[in-house]
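Colleague: Quick one: this structure, given as structure tokens, is what I'll be asking you about.
The values are calculated or read from the model by the stated rules, or taken from the named source; none is laboratory data. All of these numbers come straight from a predicted model, not from anything done at the bench. Note that we place each Cβ from the backbone using ideal geometry, even for glycine, and neighbour counts take in every protein chain shown. Just the protein is used for accessible areas: all its heavy atoms, side chains included, with ligands, DNA and RNA removed. Shrake-Rupley method; radii C 1.70, N 1.55, O 1.52, S 1.80 Å.
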Amino acid sequence: MKQRVSALLREKFGREVVLEKPRDRSFGHFATPIAFSMAKELRESPMKIAEELASSFSESDFFSSVDSVKGYLNFRLSENFLSEYGAWALENPDQFAKQEKNEKILLEFVSANPTGPLHIGHARGAVYGDTLYRLAKHLGYDITAEYYVNDAGNQIDLLGLSIQLYGRENILKESVEYPQSYYRGDYLAPLAQDAVDKFGKEILSDESRQKELALWAKDGVMEIIKKDLADTNIFFDTFVYESSLYEDWDRVMAKMGDGIYKKEDKVFIASSQKGDDSDRVVVREDGRPTYLAGDIVYHNQKFERGYENYINIWGADHHGYIARVKAAVEFLGYESSKLEILLSQMVSLLKDGEPYKMSKRAGNVILMSDIVKEIGSDALRFIFASKKSDTALEFDLSEFKKQDSSNPIFYIQYAHARIKTIISKSDLSEDDIMAATLKNLGENADNLLFDALLLPEIIEDAFSSRQVQKLPEYLKSLASSLHKFYYDCRIIGTENEAKLLKLLMIVGLSLKTGLSLMGIEAKDYMTKEDD
RNA sequence: GCGCUCUUAGCUCAGCUGGAUAGAGCAACGCCCUUCUAAGGCGUAGGCCAAUGGUUCGAAUCCAUUAGGGCGUACCA
């Protein structure tokens, strides 16, 4: 709708027009302060210009009114337009709010090391990424969700060591001395046991077999990670393994030309030429590549696969890393502006106002799976999608266990369930409802209809600005409008029953579509659980 | 020290490319079930948008400085 209005005005005024939401719905559906910017050029008062502009609009099918208030130009869409659009949406629910963007995007997210289950920080990036992915799909982008598996560095050796330590203590019943860093947690138990079953007990004590053990175990860990993700409706299209990339290393180094140089038996990337603070080591003296080396070959591979845009979602603690990866992309001969790096910030958890206790058995991290168990996938997704991903977030678990309006996910679900309930209680057939027109329903109903039809532009805006939280914000406000309408307006048994049901169906469609874009299934019926 | 980032109601957060009286939810205090699920609705109270200065018709929003918080500043991933 907004696009149509804005296109229409652009044509009429011959310039880009800023459209905004009026302060108050009574002003209209859209507003523009264009008269203020024209005032300067024309040396006239904004009020006068606005008045002249307003009167230049004639009666049309599209706008029911255009008027000027204090220099603003306010537009009200016609009932005709709204009702036809609403009817179209209902008849074409699969096309509602969809577009055909046809741009190839590679979205890389999560990419947690295959050394243990996902923790709460990963969960945030995962939800953010998956929500973007769903929005992009809906908008018609050809987007690929990719997971980069770091299976080639020190952390993999550490995984081997950790399994050995766990097995020696718990299976062989040895007393072991733990080094400073190693992985811990319950997930090691089945891995250690399976390893013994497969390779025999010796593998636990043979230091030279750590790598072998780890490379075998990482697949098991990846299964754990995939399960964590699947439990929150997150799925990936492709997995790229770091270990598979190194055969390309010589070619990629050559490709970077002068971007790479040798010094003191080490290989450096001249990233300081491209805005990084200093040059970085990519291959150590002993020939082992650094983490950055893996990222360079990986990003080269990404660009060679040919996408129009690349989006990476990284934990905020990696932000210092952006400059060097972008530098590498430049040396490889690609435009680093095509690589967009989004950060997801830290999460701190509270429970009943107290810091959430990390469990020893989980290895002193807060596991994503524990939180899902506690509040459910829907609530988890809702929380993370509701907040700007690039600011630190603190939230209290107990708030999301409540089943009332303090819990936004229930609030929205309830709105959807209410609609379904009313429809099921009506004696009218679907044909009766679909045949009704949405006219002459009064201001409240018109407003609700307009709100429900805003979904397409919310989706577009949420994706293009990468501000996923706009969607849940919108759904909350739509749910609120619905609840209010429900309270004010009796539906079943009134003369407008068919029309009103049609209106509710449109609202339901928006709610359901919006929720599904957040990876949440709309409920048709809510049952209250007693504590 | 340097870089990035954040600071909006008691708490957790929205506030789009600067625009009309600063927005939710929670918590607090009232009111509304002979109504399609009260898992709801209505209302009251609560803010010098961290501070200062600048840009302009107009700033929570842009710029600069300051203060405070977070993160980074590895040949770790």
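Colleague: Name the single residue that is modelled with the highest pLDDT among those in segment A:147-163 being in a loop (DSSP other than H, G, I, E, B) and either under 18 Å from A:GLN180 (Cβ atoms) or more than 8 Å from RNA strand B (Cβ to nearest atom) (or both).
Modeller: Among residues in segment A:147-163 that are in a loop (DSSP other than H, G, I, E, B) and either under 18 Å from A:GLN180 (Cβ atoms) or more than 8 Å from RNA strand B (Cβ to nearest atom) (or both), the one modelled with the highest pLDDT is A:ASP151.
Colleague: Can I ask one more? Here is a list: A:SER55, A:SER68. Which entry is away from RNA strand B (no atom under 11 Å from the Cβ), in contact with a strand residue (DSSP E or B) (Cβ under 9 Å, 6 or more places away or on another chain) and not charged (D, E, K, R)?
Modeller: A:SER55
Colleague: Restricting to segment A:464-486, give me the number of residues that are in a loop (DSSP other than H, G, I, E, B) and either near RNA strand B (Cβ under 9 Å from one of its atoms) or more than 22 Å from A:TYR141 (Cβ to Cβ) (or both).
Modeller: 3
Colleague: With respect to the numbered conditions (1) modelled with pLDDT of 90 or more; (2) more than 12 Å from RNA strand B (Cβ to nearest atom), which one is the sole condition not fulfilled by A:TYR414?
Modeller: (2)
Colleague: With A:GLU177, A:GLU146 as the choices, which residue is crowded, with 20+ Cβ neighbours inside 10 Å and among the acidic types (Asp, Glu)?
Modeller: Of A:GLU177, A:GLU146, the one residue that is crowded, with 20+ Cβ neighbours inside 10 Å and among the acidic types (Asp, Glu) is A:GLU146.
Colleague: Limited to segment A:208-241, what total is found for residues that are surrounded by fewer than 17 Cβ atoms within 10 Å (Cβ to Cβ), in contact with a helix residue (DSSP H, G or I) (Cβ under 8 Å, 6 or more places away or on another chain) and among the acidic types (Asp, Glu)?
Modeller: Final tally of qualifying residues: 2.
Colleague: Now for a different question. Let me spell it out: the conditions are (1) assigned to a strand (DSSP E or B); (2) open to solvent by 10 Å² or more (accessible area, probe 1.4 Å), and A:ASN102 meets all of them except one. Which number is the exception?
Modeller: (1)
Colleague: Please find, within segment A:356-372, the residue that is farthest from A:LYS326 (Cα to Cα) out of those that are surrounded by fewer than 17 Cβ atoms within 10 Å (Cβ to Cβ) and either within 12 Å of RNA strand B (Cβ to nearest atom) or touching a residue at least 24 places away in the same chain (Cβ under 8 Å) (or both).
Modeller: A:ARG361
Colleague: Something else about it: Need pairs with beta-carbon distance below 6 Å; first residue under 28 Å from A:SER510 (Cα atoms) and free of Cβ contacts under 8 Å to residues at least 60 places away in the same chain and within segment A:88-113, second surrounded by 14 or more Cβ atoms within 10 Å (Cβ to Cβ) and of a type in the set (Ser, Thr, Tyr); sequence gap 6+ or separate chains.
Modeller: A:LYS101/A:TYR141
Colleague: Still on this model: Evaluate segment A:399-410: report whether one residue or more is modelled with pLDDT under 90, more than 23 Å from the chain's Cα centre (by Cα), of a type in the set (Lys, Arg) and loosely packed, with under 14 Cβ neighbours inside 10 Å.
Modeller: Yes.
Colleague: If you don't mind, another one. Do the conditions hold for A:ILE375, that is, is it out of contact with any strand residue (DSSP E or B) (no Cβ under 6 Å at 6 or more places or on another chain), surrounded by 18 or more Cβ atoms within 10 Å (Cβ to Cβ) and within 30 Å of A:LEU500 (Cα to Cα)?
Modeller: no
Colleague: From the list A:TYR334, A:TYR307, which one is in a loop (DSSP other than H, G, I, E, B), surrounded by 14 or more Cβ atoms within 10 Å (Cβ to Cβ), in contact with a helix residue (DSSP H, G or I) (Cβ under 9 Å, 6 or more places away or on another chain) and without any contact (Cβ under 8 Å) to a residue 60 or more places away in the chain?
Modeller: A:TYR334
Colleague: A follow-up question, please. On the given criteria, is A:TYR72 over 22 Å from A:LEU343 (Cβ atoms), open to solvent by 10 Å² or more (accessible area, probe 1.4 Å), in contact with a Ser or Thr (Cβ under 9 Å, 6 or more places away or on another chain) and not hydrophobic (A, V, I, L, M, F, W, C)?
Modeller: Yes.
Colleague: Another question about this same structure. Please specify each residue of segment A:463-496 satisfying the condition of being exposed (fewer than 15 other Cβ atoms within 10 Å of the Cβ) and at positive phi.
Modeller: A:GLY493
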